[in-house]
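Contents: one structure, followed by commentary.
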Amino acid sequence: MKLSVEEFRNWQHKSITLLGMSGVGKTRLSNMLPTDEWFHFSGDYRIGTHYLDEPILDNIKKQAMQIPFLRDLLRSDSIYIQNNISANNLQPVSTFLGKLGDPEKDGLPLDEFKYRQELHHQAEIATMRDVPSFIRKAQELYDYKHFINDAGGSVCELEDEETLEILAEHTLILYIKATEKNEQSLIQRAESDPKPLYYREAFLDEQLAVYMKENNLEYIAMIDPDEFVRWVFPKLFYSRIPRYDAIAEKYGYTITTDELSKVTNKDELMTLIEKAIKQQG
């Protein structure tokens, strides 16, 4: 959504979508907004609790069924398993995505890995398309004045123009762009604690071929899951930047992590957004 500064300032029910890599400050920004006025929509939370709830539970049950004691209890309905996902605890989603490679190190075979990636891809599209209905719910059902959509870091990978147009029609898209110093910090953080990630299939195939060749690996099962994530993350990071840039240029606005770091409250945040609108409008 493209607005003038005056239109944004007078917008009675503000709705904002935050874009950017994990760690750039989307959640910090959201937490600056008064919780009694702003409805916080977490894309990853919606994915995990709604669209991937059953696959996540099935995966957990599959692991539990390998333990004879738990297998007998599950088969006799003596126990049940449920997710405990919260906006601050998305570990079940991450665990379901998993990592590629050696099964002895909890790695997944390529076909299973791609299957889970595609489930996540479709879930993210569906979740972002849910935004307009949640904006209505926030106002009409829960009596919130404004709406913030904390989108996942892989939204730029959707390759679904219709979904982006839906977001742009109903929200102001704000991209938080990492400065060079912050880029290195995010990469170092990912390398020290490699987490499961979403990859576009074409990107994954291309980088996987390079990694296998560089490391003289013949089979996927020979990949160290954490080492592959460490190797591929910088490439994924820099491949996403032009995608974020293109979305922001066409549909929204950009602020930097340095600019955001100086903001301490809602009023300063609104002033920063107005500055971006004025400069980029």
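Express the relative contact order of the chain as a whole percentage, based on alpha carbon pairs under 8 Å and six or more residues apart in sequence. If you can, show how the numbers build up before the last one.
On the way: 370 pairs, mean separation 94.0, N = 281.
Rounded, it is 33 percent for the chain.
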Handout entry: the stretch 1-122: C-alpha gyration tensor shape, a/c 1.5 cut-off, then a/b vs b/c
Key = prolate
Completion exercise
Given the candidates L217, I241, Q184, the one whose Cα lies deepest towards the positive end of the charge dipole of the chain, counting +1 at each Lys or Arg C-beta and -1 at each Asp or Glu C-beta, is Q184
Completion exercise
Dipole check, the stretch 1-108, charges on Cβ (K,R +1; D,E -1), about Cα centroid: among L100, S42, V24 the Cα furthest to the positive pole belongs to V24
Handout entry: Normalised per residue, the volume of the convex hull around the Cα set of the chain (Å³)
Key = 142
Practice task
Run the dipole for the chain about the Cα centre, Lys and Arg Cβ at +1, Asp and Glu Cβ at -1, nothing else charged, and hand back the magnitude in debye, nearest 20.
Solution key: 620
Practice task
Return P(r) of the stretch 160-281 (all Cα-Cα pairs; 10 Å bins starting at 0; whole %; ordered from short to long distances).
Solution key: 11, 32, 31, 19, 7, 1
Exercise for the section: Quick one: angle between helix 180-192 and the longest Cα principal axis of the chain, in degrees between 0 and 90, rounded to 10, please. Expected result: 20
Completion exercise
Checking Q66, Q207, Q91 against a Gaussian network model of the chain (alpha-carbon springs below 10 Å), the top fluctuating residue turns out to be Q66
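As an exercise, take the mean of 1/r over every pair of distinct alpha carbons in the stretch 11-72, invert it, and state the Kirkwood radius in angstroms.
Details: mean 1/r = 0.0669 Å⁻¹.
Every distinct Cα pair counted, the radius reaches 14.9 Å.
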Practice task
Could you tell me what percent of the DSSP beta bridges with both partners in the chain are antiparallel, to the nearest 5?
Solution key: 5
Problem - Among M270, M21, M65: highest mean-square fluctuation, GNM of the chain, C-alpha pairs under 10 Å - result: M65
Exercise for the section: Sum -39500 (n - 2.57) across every DSSP H segment of at least 4 residues in the chain, then divide by the residue count to get the 222 nm mean residue ellipticity, nearest 500. Expected result: -16500 deg cm²/dmol
Handout entry: Fluctuation leader among L18, L197, L217 - the chain, Gaussian network, Cα springs under 10 angstrom
Key = L217
Fill in the blank from the handout: Cα-based Rg then Dmax for the stretch 102-202, in Å, read 17.1, 51
Problem - Net charge over other residues, Cβ less than 11 angstrom from the Cβ of A202 (K, R count +1; D, E count -1) - result: -4
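In terms of the Cα gyration tensor, with a ≥ b ≥ c the square roots of its eigenvalues, is the stretch 60-137 rounded because a/c is under 1.5, prolate because a/b exceeds b/c, or oblate?
Numbers: a/c = 2.64, a/b = 1.39, b/c = 1.89.
In terms of gyration-tensor shape, oblate.
Hey, with R₀ at 41 Å, roughly what FRET efficiency would E165 and T264 work out to, going by the Cβ-Cβ distance, to 0.05? Please list the in-between numbers first.
Working: r = 34 Å, r/R0 = 0.83.
It comes to 0.75.
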Exercise for the section: May I ask you to order 229-236, 209-216 by the average number of other C-beta atoms within 10 Å around their residues, highest value first? Expected result: 229-236, 209-216
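Quick check for me: using +1 on Lys/Arg Cβ and -1 on Asp/Glu Cβ, what's the dipole size of the stretch 52-201 about its Cα centre, in debye to the nearest 20?
Numbers: 17 positive and 28 negative charges, 110 e Å.
Charge dipole, the stretch 52-201, about its Cα centre: 540 debye, nearest 20.
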Exercise for the section: Sticking with the crude label model, points 7 Å out along Cα→Cβ, report the distance from Q66 to E7 in nm, one decimal please. Expected result: 5.4
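Bear in mind these aren't lab numbers, they're just calculated from the coordinates by the rules spelled out. Quick caveat: nothing in here was measured; it's all calculated off a predicted structure. Methodologically, a virtual Cβ is constructed for each residue, glycine included, from the backbone with ideal geometry; neighbour enumeration extends over all protein chains shown.
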